[in-house]
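The values are calculated or read from the model by the stated rules, or taken from the named source; none is laboratory data. Computed from a predicted structure; not experimentally measured. Every residue, glycine as well, gets a Cβ built from its backbone with ideal geometry; the counts of neighbours run over all protein chains shown.
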Amino acid sequence: MRSAKTQPYATKKLRENPSLKKIWDATRHDVILSLWSSAIFGIAASIMTTAYELGYTRLYLDPAQYSPGYIAFSFVLVLLTQDTYFYFTHRLAHHPKCYRWLHKGHHHSNNPTPLTAFSFDPGEAFLQAFYLMVAVCLIPMHLSVLCAVVFVMTLGALIHHFSLRMFDNSPLGRWLGSWMIGPMHHWFHHRRYNAHYALYFTFWDKLLGTHCHDYESILEPPITDKPNKPLLSIPQQPDTPRPEAQTLSFPVPFKKAS
Ligand SMILES: [Zn+2]
Ligand SMILES: [Zn+2]
């Protein structure tokens with residue numbers, strides 16, 4: 001049997017039996033930060049509404065103003081640019097000089113829940129809302145496209161923090177899982193910190209070396225005859241220091257994830 005010292009970090013954490021107080025503290029923390037985030041996104045929505053009234057945005061209400069093809073194109077364009085923006089700001093947030101005040105709140109819980117989805121420090125909430133405020137001013141966008149993007153962003157954030165497997169083991173499931181961010185993909189980020197920074201797609205992680213191609217197999221529980229093993233564990237991973245303890249260079253440290 002492994003000693004506690006040699007047990008992998010994530011496995012140790014998962015095997016912890018958190019007290020009710022710890023669960024309550026984590027829940028209260030996530031709810032408080034989510035309320036702050038909601039307030040900041042609410043202020044951003046009012047600013048966008050005012051900017052629309054004053055004619056500073058490129059939002060439009062008449063579907064005939066652009067072709068149906070453009071509506072679909074603008075939806076994909078906004079998602080792709082948001083994914084890119086999120087990837088780089090997320091990496092910036094993990095820089096030791098930014099982490100404590102910009103992103104530490106989101107990583108408060110080692111076992112994220114849907115309540116963690118919008119548990120952002122105010123600075124990070126502003127950064128994410130800022131993207132939407134700039135996008136509506138630069139990209140001609142039907143109001144329904146903006147609503148669809150906010151819906152996808154919200155639903156995606158909730159799903160990514162469920163810590164459940166979303167893609168099955170079929171060829172289609174594996175293909176989707178290799179290109180789209182799922183709960184297991186993001187759960188890995190909450191464990192490793194130095195991998196899986198993107199929001200919707202794995203493109204940037206793959207291109208910049210922060211994607212673990214074998215993360216699914218790493219997350220598999222160890223083959224053992226012992227019953228009641230935790231569903232999720234990282235048996236092969238050594239302890240990973242918290243980001244504030246790492247010496248990362250800037251701009252973004254493109255360290256190979258695997
Ligand atoms: Zn997260
Ligand atoms: Zn992070």
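(1) at pLDDT below 50; (2) surrounded by fewer than 19 Cβ atoms within 10 Å (Cβ to Cβ); (3) among the hydroxyl-bearing types (S, T, Y): which one isn't true of S217, the others all being true?
(1)
Looking for something surrounded by 13 or more Cβ atoms within 10 Å (Cβ to Cβ) and within 21 Å of A117 (Cβ to Cβ) - is there at least one such residue anywhere in the range 55-77?
Checking the range 55-77: not a single residue is surrounded by 13 or more Cβ atoms within 10 Å (Cβ to Cβ) and within 21 Å of A117 (Cβ to Cβ).
Evaluate the range 158-168: report whether one residue or more is more than 26 Å from F75 (Cα to Cα), more than 16 Å from ligand 2 (Cβ to nearest atom) and not acidic (D, E).
Taking the range 158-168 as the starting set, the residues that turn out to be more than 26 Å from F75 (Cα to Cα) are 163-165, 168.
Okay, now just the ones that are also more than 16 Å from ligand 2 (Cβ to nearest atom), so 164-165, 168.
From what's left, not acidic (D, E): 164-165.
Yes, the range 158-168 contains at least one residue that is more than 26 Å from F75 (Cα to Cα), more than 16 Å from ligand 2 (Cβ to nearest atom) and not acidic (D, E).
Quick check: anything in the range 93-109 assigned to a loop (DSSP other than H, G, I, E, B), more than 15 Å from H29 (Cα to Cα) and hydroxyl-bearing (S, T, Y)? Lay out the reasoning, then the answer.
So the first thing to find is which residues in the range 93-109 are assigned to a loop (DSSP other than H, G, I, E, B), and the list is 94-95, 103-109.
From the residues that got through so far, the ones that are more than 15 Å from H29 (Cα to Cα) too are 94-95.
From what is left, the residues that are hydroxyl-bearing (S, T, Y) are none.
The answer is no; no qualifying residue exists.
Out of everything in the range 37-85 that is of a type in the set (G, A, S) and not in a helix (DSSP H, G or I), what residue ends up being farthest from P122 (Cα to Cα)?
S67
Of the numbered conditions (1) of a type in the set (S, T, N, Q); (2) under 28 Å from D205 (Cα atoms); (3) modelled with pLDDT of 95 or more, T11 satisfies every one except a single condition; which is it?
(3)
Residue by residue, here is whether (1) free of Cβ contacts under 8 Å to residues at least 24 places away in the same chain; (2) touching a strand residue (DSSP E or B) at 6+ places or on another chain (Cβ under 8 Å) holds:
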site	(1), (2)
T50	yes, no
Y66	no, yes
F88	no, no
L92	no, no
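Are any of the residues in the range 101-110 within 21 Å of A39 (Cβ to Cβ) and more than 14 Å from ligand 1 (Cβ to nearest atom)?
Yes, some residue in the range 101-110 is within 21 Å of A39 (Cβ to Cβ) and more than 14 Å from ligand 1 (Cβ to nearest atom).
So which of H190, H185, H161 ends up being under 24 Å from H94 (Cβ atoms), without any contact (Cβ under 8 Å) to a residue 40 or more places away in the chain and within 16 Å of ligand 1 (Cβ to nearest atom)?
On the way: H190 fails: without any contact (Cβ under 8 Å) to a residue 40 or more places away in the chain; H161 fails: without any contact (Cβ under 8 Å) to a residue 40 or more places away in the chain.
Going through H190, H185, H161 in turn, just one is under 24 Å from H94 (Cβ atoms), without any contact (Cβ under 8 Å) to a residue 40 or more places away in the chain and within 16 Å of ligand 1 (Cβ to nearest atom): H185.
Given (1) of a type outside the set (V, I, T); (2) touching a helix residue (DSSP H, G or I) at 6+ places or on another chain (Cβ under 9 Å); (3) in contact (Cβ under 8 Å) with a residue 40 or more places away in the chain, where does Y70 come up short, assuming only one miss?
(2)
For the range 84-100: of the residues being over 20 Å from M180 (Cα atoms) and of a type outside the set (A, V, I, L, M), which is farthest from ligand 1 (Cβ to nearest atom)? Break it down stepwise before answering.
First, pick out the residues of the range 84-100 that are over 20 Å from M180 (Cα atoms): 92-100.
The next check asks that each one be of a type outside the set (A, V, I, L, M); those that pass are 94-100.
Details: H94: 12, H95: 17, P96: 19, K97: 21, C98: 16, Y99: 14, R100: 17 Å.
Step by step, filter the range 84-100, then rank; the result is K97.
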